[in-house]
Amino acid sequence: MFNFLIVWDSGIDNRVAKMIGNAAMECAGIFPNCNFHVYGTKRFSDTVSIDGLIANAKMRNGQVNAYDIVDGLERMDWKMLKNARFHMIVFTSRDLYPDGLPVNFCFGIQLHTTILQSVARYRHLPDNELQACITHIMCHELGHMFDAARGRDNGLVKIHPIYADHCEHEGCVMQQMSDVNCLRAMALSGKRGKDRFCLNCSMDMAFKIGATRMKVRSNCRIY
Ligand SMILES: [Zn+2]
Ligand SMILES: [Zn+2]
């Protein structure tokens, strides 16, 4: 069983928070063997907050370096969390850039057991579209965590290595997203539920997520 702790910074307002909770419930219906614990800004450590990690991260034109936040989280010695083997999904209201990569922003990144997502570029959208975008990126980053499209030659890798580990199938959630319009279009497209992932990506994930053990229904709890 995978346990995900979902937290966010103080810039996430109540409306966005509600949509994150809804998106987590959607993900619980898509991924087996996963529990989502929606903590928000509630205290999960005496000394650590997402705001604190952001304050210590490198900046570029008002954007925050995504890797600094994730590194900070991975370095923390949270005995309670690590004993419980929690994975983290962190939301921020700040715009992110991945330092060292040739792109000017990122919607989210995944590293080891941590996922970081920014809502900065689409938080203004109406509820249903906002929720669709949050769910889409959460599915995409969970896909990376569970090895969907890992090592796949999607034909774009020769353009730049950044395109590796993404899917070539039209409408699959593991396709690369280049801007807000493309994210919104994909999030609102016909594919829903388990069909968000193409068959190849579903097969990739099956090994890691539990094809060899019994599939257990996932839960989402909002604290
Ligand atoms: Zn990706
Ligand atoms: Zn795919």
*Across region 156-194, which residue is nearest to ASP95 (Cα to Cα) among those that are outside any helix (DSSP H, G or I), among the charged types (D, E, K, R) and away from ligand 1 (no atom under 11 Å from the Cβ)?*
ASP179
*Condition broken by ARG152, with the remaining ones in (1) near ligand 2 (Cβ under 10 Å from one of its atoms); (2) basic (Lys, Arg); (3) not in a loop (DSSP other than H, G, I, E, B) satisfied*: (3)
*Just checking, which of SER178, SER189 is surrounded by fewer than 16 Cβ atoms within 10 Å (Cβ to Cβ), within 14 Å of GLY108 (Cβ to Cβ) and of a type outside the set (A, V, I, L, M, F, W, C)?*
SER178
*Can we say ASN104 is more than 28 Å from ASN35 (Cβ to Cβ), outside any helix (DSSP H, G or I) and out of contact with any Leu (no Cβ under 7 Å at 6 or more places or on another chain)?*
yes
*Give region 98-122 a look and list any residue that's under 18 Å from CYS182 (Cβ atoms) and in contact with a strand residue (DSSP E or B) (Cβ under 7 Å, 6 or more places away or on another chain), or say none.*
PRO98, ASN104, PHE105, CYS106, PHE107, GLY108, ILE109, GLN117, SER118, VAL119
*asked:* I need the full set of residues from region 107-122 which are within 9 Å of the chain's Cα centre (by Cα) and part of a loop (DSSP other than H, G, I, E, B), in order please.
replied: PHE107
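Bear in mind that the values in this text are calculations on the coordinates, not laboratory data. Small disclaimer: the values here were computed from a predicted structure and weren't measured. Note that each Cβ is placed from the backbone with ideal geometry, even for glycine, and that neighbours are counted across all protein chains shown.
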